[in-house]
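The values are calculated or read from the model by the stated rules, or taken from the named source; none is laboratory data. Only a predicted model underlies this, so the values are computations on that prediction, with no experimental measurement involved. Glycine gets a Cβ as well: all are built from the backbone with ideal geometry, and neighbour counts include every protein chain shown.
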Amino acid sequence: MAADLPEYFFRIRDNGAAVFRVEAENRLRRLDLQQIAFANTRNGDIRPHGNRALSEAEVSAIRSWLDNRRSVLEQRSRDEVRHTIEQINMTAHWIQSDASHEEVSEVSDQLLLALHDLRSVLVRKMAAGIDGDKDGGTHTRHPHSG
């Protein structure tokens, strides 16, 4: 079993992972996980655990994991958007075909607000792409303010 185990285990958590060295070769033949670091997917920070100094190989393995994890998260985000589009289409079909007046009344305000918000964000983001505005128009300034 020890030959099949990776050298490091990454316990995923919000914004990254706790990083453990997998140690399977001890005298009791038990699997042991020694925490060595925390890795942050948002800013790429790698913090050693406790007073430990990380080797170049450990840092390299963690950076590789961070790159892979960011790629997975980006793909998952795109997949969630595609799924949301499908859900919106299915919701429109449900409302048109099957929903009662009471069911539509129950969800219409929240649905319309969410769709209006989405439309506003999309329009700002598209305009930012055209105008070259880097913040996507999220910082609205009054035209007469300094």
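With the structure loaded, tell me whether Val72 is within 30 Å of Glu7 (Cα to Cα), out of contact with any Cys (no Cβ under 7 Å at 6 or more places or on another chain), not assigned by TED's automatic domain parsing to the domain that holds Pro6 and not acidic (Asp, Glu) or whether it fails that test. Here the answer is yes, as Val72 does meet what is asked.
A single entry from Arg47, Arg82, Arg21, Arg78 fulfils the requirement of being free of Cβ contacts under 8 Å to residues at least 24 places away in the same chain and either in contact with a helix residue (DSSP H, G or I) (Cβ under 6 Å, 6 or more places away or on another chain) or over 30 Å from Leu122 (Cβ atoms) (or both): Arg47.
Contact annotation: residue pairs with Cβ atoms under 8 Å, 6 or more positions apart or on different chains, pairing a residue in region 115-128 that is within 15 Å of Ile85 (Cα to Cα) with a partner that is of a type outside the set (D, E, K, R), are Leu115/Ile88. Per the conditions (1) over 26 Å from Leu122 (Cβ atoms); (2) surrounded by 12 or more Cβ atoms within 10 Å (Cβ to Cβ); (3) among the hydroxyl-bearing types (Ser, Thr, Tyr), the sole criterion not satisfied by Ser60 is (2).
Here is a yes/no grid of residues against (1) out of contact with any strand residue (DSSP E or B) (no Cβ under 9 Å at 6 or more places or on another chain); (2) more than 18 Å from Arg69 (Cβ to Cβ); (3) modelled with pLDDT of 95 or more; (4) of a type in the set (Ser, Thr, Tyr):
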| site | (1), (2), (3), (4) |
| --- | --- |
| Pro6 | no, no, no, no |
| Ala18 | no, no, yes, no |
| Val22 | no, no, no, no |
| Leu31 | no, yes, no, no |
| Thr41 | no, no, yes, yes |
| Gly50 | no, yes, no, no |
